[in-house]
Each structure stands twice: as C-alpha cells, then as structure tokens.
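Right, one structure below, let's go through it.
Read-outs: derived from the displayed coordinates by stated rules, not from any lab. The shown structure was predicted, so the numbers you read here are calculated from the model rather than taken from an experiment.
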Amino acid sequence: MAKYVFITGGVVSSLGKGITAASLGTLLKKRGFKVSIIKVDPYLNVDAGTMNPFQHGEVFVTDDGAETDLDLGHYERFIDEPLSDQNTVTTGKIYSGVIEKERCGAYLGGTVQVIPHITNDIQERLTKAGEGQDVVIIEIGGTVGDIEGLPFLEAIRQMASRVGPENAVYCHVTLIPWLEAARELKTKPTQHSVQELRRIGILPNILVCRTSHPMDEGMKNKIALFCTVPPGAVIEVPDEPTIYQVPLSLHQRNLDGLILKYLSLPFEKEPDLSDWRLVVDRFMNAPRAVEIALVGKYVQHKDAYLSVVEALYHAGISHNVKIKVRSVESADVETQGVEAMLNGVNGVLIPGGFGSRGIEGKIATIRHARENKIPLLGICLGMQMMVVEYARNVCGLAGAHSQEMDPATVHPVIHLMEEQVGLARMGGTMRLGAYECALTPGSAAARAYGVERVSERHRHRYEFNNTYRRRLEDAGLKVSGVCVGRDLVEIVELPGHPWFLGGQFHAELKSRPVRPHPLFAAFVGATAQNL
C-alpha cells in the first residue's frame, strides 16, 4: 500500500507549495522510493486548457494529452518522471464525474451529497493514483479557509482513517511575515492558519515556514507550542536565489527524514544530491552569460512561459553559461521596431500562443534573426510563423500567412488540421499529448537529438500545409521531422544558418534541470558561439 503526504497552504497563496512538493519528491526518489505527485485544484474548471495565460500562467501538457496546472511541470522537472491525467484533480472533474454517475443511476436513487459522495470520489482518485507507488505526495491548491477547498480538506482528513494513520502525514506550508515597521517576524498568521486546519479535523505533523528573515530557536519553539507540533517539525525555508536550491535546503533541514519517520519508512540511505548541487553551482556561478529574447504574446505574466524559461535555464546549466531572458511583447515589436527591441541579444526564441495579436511582430523578429544570422528557436506558433515568414519573404508568396491570421483564406501555408475543418466556429479540439517524430538523418535536429525517432508533446490546432512543402524546400527551408504514421510536418530548419529551427511540438515540456532538452541545449550552444 502507498503512503501519502498531504501538503496544504495557509496565510497567503503562492507560498511555494508546488516547489515544496516537488522538492520532497526529489529527495524521496533519491532515497530509492517510487514517488508520484498529485495536484488538487479547487477551481470549477475541468482542466486548465481554457484558462487565460494572463490569469493562470502556462498550461502544462502530459504525454496522454491532459491539460494541467503548471505545478505538474515543476513535479516532472524535479522527480524526472512522466505524469498523466491521473495526477491532476479539479473540482470540475470531480463534480462532473459524480453527476454523470448519478444520471446513470449509480447511486440507486439515493440523495447525492458532498459527504460522502464527493469526498469518496476524491479519495478513490487519490487511492488509484497511489497504485504501484511507495509514496504519493498530494498538494491541495489554494489556501486553508477558502470555501471551495473544503471538500478536498475533508477528503484528506478522512484518508488517514481509510489508509491508516501510519500511512498519512500532513505538511502545512505557511508564511512567517516580516513587519518592517516593527522590524520583526510575526507568528500569529501561522497560528490562525493551523487553528483553521484543526477546526476541520486536520492536525498538521510538520510546518514548513516560509520566511524572508532568519527565525531564532525561540520563535520556532513558540510556533511549536501554539500549533501543537514538535519543535523539530518546524522547518524554516528562507527565500532562495533559485528553486533548484530548495531540495538541498529542505534536506539540510531534515524534511525528508521527518516524513520518512512519520511514515515508518527506512531512511538509512542518504540521497545523492551531487547532480543538484552541480545544477545550483552552475546556475549561480556560470562564468559567461548569454541574452536571449523571448518574443511572445503573454510576457507580462511571469508564469505564462514558465517551462520555456526553465528549459533555457537547463540548457544554460549544461553549457555552464548564465541565461538572461529579455521578455519582449511581440505587439511592441510592431510599434517600436525590431532593431530597437532586439538590439544586442545573442539568440531569439519564439514560443507558442493563440490568436492573431502580435503575429506581425513575430514575423518581423524571425526575418531579423534569419537575415542577421542570430540563432532562433521556434516553438509551436513560433515554428508556424517561421514558415509564414520564409514563404512571404524568400519564396515570394506575397500573401503568405496562416489561417489564424486570415480564416477566410482557402490555402494558407499554415492551416487548420484536417479534423478541425468545420469545427472552428465551435472551438473544435486540438492535437494534444505525445506523438512520435521521425528525424531526417544528418539534419540539425537529428544531430541535436542523436537518435532517429523522438516522442514530443503537442498542443495545437493548426499545422503546416503540405501544398507548399515542395516550394518551401526548393527555396531552402528544409523539413527535418515528420510525424510517424501521418504526413504532418513537425520540424523545419534552415541549413547554413547558425541555428534556425522550429518545432510544431512543445519541446520545453520534456526538459529537466539535470537533463536539458536536446533542442534547447543545441540552441543555447549556438547562442554561446554568438558571444
């Protein structure tokens, strides 16, 4: 039977519950345990697929096509294990499932209620996700006290009885705020947060205290006394210069040892964290720096391109160079000029996105990078705009565009996928999840990967129009990757350019701090040559 670690948060949101869960997963996996992590989101959306990136940040896509919260990206990057739809639970998913069962008569005409039906469904999903695992870490989104989170808190309260108290541990992440006027840390918000948890029947075993200033032993003892936890279970976690320092910090403070003690698991084997120490050292102390322009549509939100930025950092670590990201709004390129916005950068990355806003800024950026031999990597929409730019400015297709730019056009160089035709007005569906891609031998893509076939994750509604493939290739833009089993162009590149490559998939989703994605690593390597 799997053992469960429940992570809740109090006082304020964005305390780092996801990083805490991911870091703990790293430490337990390094100790030899099979670990999985689940994100519970109390919002009513079924998944994150329709959420605005300005409000919610990026959508992280798993191999099986689940559109999930960005925390699953942290989990995968830290524990280096592929996750699935099973690792994400939302209020919308729970309620729609229960209502569907009720409509089918599964409850035999009984009154369907939050307790026990909703809470039982939550527990069944958590238990199913634990099959084959030693430890399952479950992060409850939101903050204790939020009304929408109450069914989930009640469900995890009951889990201790369901699996046995020796198989469940509760970890509460809280804030110890610093009051500048008083020049001191305050424990009262944490006391109230723990009281709220205890009021609903959850007694936290461990408190992870986020602080901006060091806590003394007296303060830890005070928190322990008022919150009814052992002093050694009050874990101070200061702000760190990089999230990749957090596993090292938590191990230094014995969080993983405490968890194993509460769960009665052996912990003689110390985790080998040498690879993480190298990651942190190179991230902090790289001798050279490269500046990469991230030209996107949602750069105002720091999490909208989270996986892209992290993948750049991973590639920088592998080359021992520091990555400086210059966030550029593509619409600003249209008004302020490409030279002004990109002056002095060593490389350019065009990420994914939806809609026509800022498209011409992306195209102008691509042309500038192509003509000035600046390394360029295009992701999803970025790859599509590379095709549009080349068709327009090299092939002489004066009206070259994508259907997303002009839906009335019959033969754009980027058009709706075949299965989307007729569904566009209703939203349709997207190509989601992992697909195999065959690489052209000798191409830049094949050299970067070092293999002939790869699996990459997709999230798109438009694709390369093969009507123009021959003309584009005759003009010099080469197709170097094609979807296995269907004639779908996945990768294009420009021979003779330092690095000019676009992928229809989201390569950033499979990058890891200790194992950077090959395309990102090759791209950053090319930018380093551009110093």
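Treating each Cα of region 97-250 as an identical point scatterer and summing with the Debye formula, the log10 of I(q)/I(0) at q = 0.16, 0.17 Å⁻¹ comes to -0.99, -1.08.
Evaluated at q = 0.15 Å⁻¹, a Debye calculation over the C-alpha positions of region 435-511 (equal weights, vacuum) places log10 I(q)/I(0) at -0.49. For region 67-157, pairs of C-alpha atoms spaced more than 17 angstrom apart make up 55 percent of the total.
Mind jotting down a quarter of the surface of the convex hull over the alpha carbons of region 1-124, in square nanometres, one decimal?
9.4 nm²
Determine the alpha carbon to alpha carbon distance for each of 30/261; 93/186; 261/302; 29/128; 39/510; 39/322 and list only those over 28 Å. Over 28 Å apart, Cα to Cα: 93/186; 261/302; 39/322.
Using C-alpha positions alone, give me the convex hull volume of region 3-277 per residue in cubic angstrom.
Working: hull volume 38.6 nm³, N = 275.
Measuring per residue, one finds 141 Å³ for the Cα hull of region 3-277.
Would you list which aspartates and glutamates come within 15 Å of residue 269, measuring only between C-alpha atoms, while excluding same-chain residues fewer than 8 positions from it? Here the aspartates and glutamates satisfying the reach criterion relative to residue 269 are 256. Listed by chain and number, the aspartates and glutamates whose alpha-carbon sits under 12 Å from that of residue 324, ignoring those within fewer than 8 places in the same chain, are 291, 310.
Per q in 0.12 1/Å, what log10 I(q)/I(0) does a Debye calculation on the alpha-carbon atoms of the chain return? Relative scattering, expressed as log10 I(q)/I(0), comes to -1.14. Between amide H atoms placed 1.01 Å from N, distances below 5 Å from residue 9 occur with 144, 173, all of them 5 or more places distant or on a separate chain.
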